[in-house]
Each structure stands twice: as structure tokens, then as C-alpha cells.
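Inspection log for the structure reproduced underneath, given as C-alpha cells.
Every number in this text was worked out from the coordinates using simple rules, so none of it is lab data. These numbers were taken from a predicted model, which means no experiment stands behind them. Cβ coordinates were reconstructed from backbone atoms using ideal geometry, including for glycine residues, and neighbour counts include every protein chain displayed.
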């Protein structure tokens, strides 16, 4: 992915003059995936007054689901409604993509989802929609297994995403020390923005705390939040506004 420097993100700060839309449009899309050997399904949110020809394009947020979930989970938690509200209040409009990992119990060594995400989903989305080219315009996050995927994908493709959100993360075996390995080639300042959170009663809290402690030991900057709640949809629903505020801050650089 090309990383450019300039004012393209600033061109995407306002909705078109005279546009009266207050709600974005959400639709499900199926594309061919050579990596999966079949279809790759995702749901996409386009902001109110989406302009396919917008100069500079829109920031984009990829949000991944957990086990026993699908591409409708994040919208059902209210994140598209929250995005509408924040954009109506003056936030930069942005696109969201919710991929569906059909085989969401496969171990990392057997899963083709990561390959399909990078090789099929991202190129399709960013060639069919008006997406900003800068690294800071690209964010990835997820809940539970999806948080593990977000961290794995972003740190495997180091120059692709400007922000990584790991919400109640279930990280993959082998990823605990990925940051240390990356620090052999990159400085701590080169890492994307990182946000990790969990509920106080999350059953994965020990492993999440271990990952965060390991990250702290490396000197790589990140945010860590422990909030009331557990490892469930009630917790994630309570946090969608906080998540979006953090991702939006990464898009604007403020």
C-alpha cells in the first residue's frame, strides 16, 4: 500500500454542501477469493453523503468479529449508529468494513482468512470505494478472536495500518513476541497507534494482561483500558463510542 504525505485527509473533513442525509448506508457484499477458494463475504458502511469521487478519499476502519459471530455483529452492537451520530456532530466521515470469517475456529496455521483479507478483501475494497491512501487513514480492530487477527494482520503487514484496536483480544500463539522481533528492524516510534482494552471480569484477562505487559516492556506506546464488564456483547456495546473516538483521532491526527 502506498503511503503518501500531504493534505488528502483534510479534504475528507466535510460532507458535500446541500446534502441532507443523516444515516450512512450498510450493505453486504460477496467477492471471489482465490485464497479461500470461494466467496469472501463482508458488510460495508458508507457514511452519510458518501461521494465516490471525493478528492483524497475517506479514512477506512476494518473491524473483525469473534468466534460464533459474523459480519453483522458490529453493526448489531450499534457501531454504525454511533458513526452516524459522530459524523453528524462534526467528525470526519469514514468507511467501515466488517469481514466475515466463516471458519472462525480454525487455528492460525490452517486459516486462510488472513491471506484472503490482504490479497482479496483489501484490494477489492480500496479499488471499488473512495479510500484515502495514507497509512494514517487505515485502521484495523476487532473483538476477541478478531482482536487477535487485527494485531496479527497489522504487525505482519507493518506499513499498512496507522491504528490497531485489540478489544478483549484473544491473541494467536506465536504472536506474543512479535513486537520484539519487529523491533529488530523498526524503532518503537514507527509502530502504529495501539489500543487494548478488556472488561474487569473478562475470562481472557490473564492472557490480555500478559500481552500488554510484554508490550509495555518493549517501550512501544499504547493505550490500555480496563472497564466494568465481561467478555460479551454487552461489554463491547458499552464501548463502541469510545472505540470510534479513538479511531477517529487517528484519522485526524489530533
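Descriptive notes on the structure:
- Residue in segment 166-186 that is buried (at least 16 other Cβ atoms within 10 Å of the Cβ) and out of contact with any helix residue (DSSP H, G or I) (no Cβ under 9 Å at 6 or more places or on another chain) present: no
- Residue count for segment 221-250, restricted to those that are over 22 Å from residue 204 (Cα atoms), buried (at least 19 other Cβ atoms within 10 Å of the Cβ) and touching a helix residue (DSSP H, G or I) at 6+ places or on another chain (Cβ under 6 Å): 1.
Residues are listed down the side, and each one gets a yes or a no for (1) under 18 Å from residue 192 (Cβ atoms); (2) under 16 Å from the mean Cα position of the chain (by Cα); (3) surrounded by fewer than 23 Cβ atoms within 10 Å (Cβ to Cβ):
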{"site": "62", "(1), (2), (3)": "yes, yes, no"}
{"site": "70", "(1), (2), (3)": "no, yes, yes"}
{"site": "74", "(1), (2), (3)": "no, yes, no"}
{"site": "87", "(1), (2), (3)": "no, no, yes"}
{"site": "90", "(1), (2), (3)": "no, no, yes"}
{"site": "98", "(1), (2), (3)": "no, yes, no"}
{"site": "122", "(1), (2), (3)": "yes, yes, yes"}
{"site": "129", "(1), (2), (3)": "no, no, yes"}
{"site": "134", "(1), (2), (3)": "yes, yes, yes"}
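- Here residue 126 meets the list (1) in a helix (DSSP H, G or I); (2) under 23 Å from residue 27 (Cβ atoms); (3) in contact with a strand residue (DSSP E or B) (Cβ under 6 Å, 6 or more places away or on another chain) almost entirely, failing just condition (3).
- Some residue of segment 141-148 being touching a helix residue (DSSP H, G or I) at 6+ places or on another chain (Cβ under 9 Å) and under 27 Å from residue 56 (Cβ atoms): yes
- Count of segment 210-241 residues which are more than 24 Å from residue 178 (Cα to Cα), in contact (Cβ under 8 Å) with a residue 40 or more places away in the chain, in contact with a strand residue (DSSP E or B) (Cβ under 9 Å, 6 or more places away or on another chain) and in a helix (DSSP H, G or I): 4
- Residue within segment 104-116 that is under 27 Å from residue 252 (Cα atoms), in a helix (DSSP H, G or I) and out of contact with any helix residue (DSSP H, G or I) (no Cβ under 8 Å at 6 or more places or on another chain) present: no
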